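Structure record follows, encoded as structure tokens.
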Amino acid sequence: MALAALSMGICSASYAETEICKQYFTEMDSFIKEASKHEETKAQVEMLKTQLTEGRKQLESYPKEQQDAGCKQ
């Protein structure tokens, strides 16, 4: 299912985002919002929200080049 895509690359809005990460974050936010509407995906969505939050914290310390790589995955 497409939910697995969320856990591959992770990006944050709390640092100087690159354009690639801005696009990625916007897409993932929309994806989570849509997936949250479906009862059968709610447990997975909560797990993925946690993974996204953890990944954001990690990306904040990376150089821009590495941030882009994380958001392209």
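Values in this text are rule-based calculations from the coordinates and carry no lab data. If you're wondering where the values come from, they're calculated on a predicted model, not measured in any experiment. Positions of Cβ are backbone-derived with ideal geometry, glycine not excepted, and every protein chain shown enters the neighbour counts.
The set of residues in the stretch 37-73 that are of a type in the set (A, V, I, L, M), in contact with a Ser or Thr (Cβ under 9 Å, 6 or more places away or on another chain) and within 21 Å of residue 19 (Cα to Cα) comprises 52, 59. Please find, within the stretch 42-62, the residue that is surrounded by the most Cβ atoms within 10 Å (Cβ to Cβ) out of those that are assigned to a helix (DSSP H, G or I) and free of Cβ contacts under 8 Å to residues at least 40 places away in the same chain. So the residue we want is 49.
The number of residues in the stretch 22-41 being exposed (fewer than 11 other Cβ atoms within 10 Å of the Cβ) and not in a helix (DSSP H, G or I) comes to 2.
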